[in-house]
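First the structure, in the form of structure tokens, and then the observations on it.
The values are calculated or read from the model by the stated rules, or taken from the named source; none is laboratory data. These figures come from a predicted structure and were not determined experimentally. Counting neighbours? That spans all protein chains shown, and the Cβs are built from the backbone with ideal geometry, glycine included.
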Amino acid sequence: MEEKRVVIVSGGDWTDDYLKAIQKDDLLIGADRGALLLIEHGLRPHIAVGDFDSVSEEEIQKIREFSGRVDSCDPVDKNYTDTELAFELALQERPSEIVILGVTGGRLDHTLANMQLLIKGLHHQVVCSIQDQRNHIQLTGSSLTVKDHGFTYVSFLPATMEVSGVTLEGFAYPLEDATLRQGQSLAVSNRLLGSSGRVSINSGLLFVIQSRD
């Protein structure tokens, strides 16, 4: 089965690191202003989606002209954020991987909602990550190989009230069959010892966050 990767770009702060994250054969989805950001950086969104309330009428015309397809919705009568609409479209493509860019650094409520999209990706058995200049965020419900993406720290934060059987291998501060609970900082600011490490858990959901100052 041929692997397909989908990259979603939302309207958060742009960094040129995103150009490095996007690969030639990626299917590109621009969420609202994210579609304009792709176009302004020489990339053509395959799909543009959203209510487009964060762009001008002139910019909307540009999005329509340079996007493969535009799915617009009413800004009032909708049940999902633009990024979640983009995520649902990405899942319809049955990809092997979804990369989400431009969804952090602004409103905290949107950032947390976007992180929770990784739970939906996990339920669909799709490898998902959120990336920005300072963070690389993943989620696991079983085990995960943590590759060195050039960040200083690796933190492990429970996405459920409790995560049991946490074992960390290849990290400066290993754990074996530990339990992590929300409200604790036991597994914050760990470090990889080499090019990769391994985390495994028995129950719960665990955010794996690589970051730098």
**Request:** Looking only at the range 141-158, count how many residues are buried (at least 16 other Cβ atoms within 10 Å of the Cβ) and either of a type in the set (Lys, Arg) or over 21 Å from ARG212 (Cα atoms) (or both).
**Result:** 1
**Request:** Can you work out which of the residues in the range 11-30 that are in contact with a helix residue (DSSP H, G or I) (Cβ under 7 Å, 6 or more places away or on another chain) and modelled with pLDDT under 95 is farthest from GLU84 (Cα to Cα)?
**Result:** TRP14
**Request:** Would you confirm whether any residue within the range 92-108 is closer than 23 Å to GLU162 by Cα and free of Cβ contacts under 8 Å to residues at least 24 places away in the same chain?
**Result:** yes
**strands (runs of 3 or more DSSP E) contained entirely in the range 1-70, each with at least 1 residues that are within 16 Å of the chain's Cα centre (by Cα)** = 5-9, 27-31
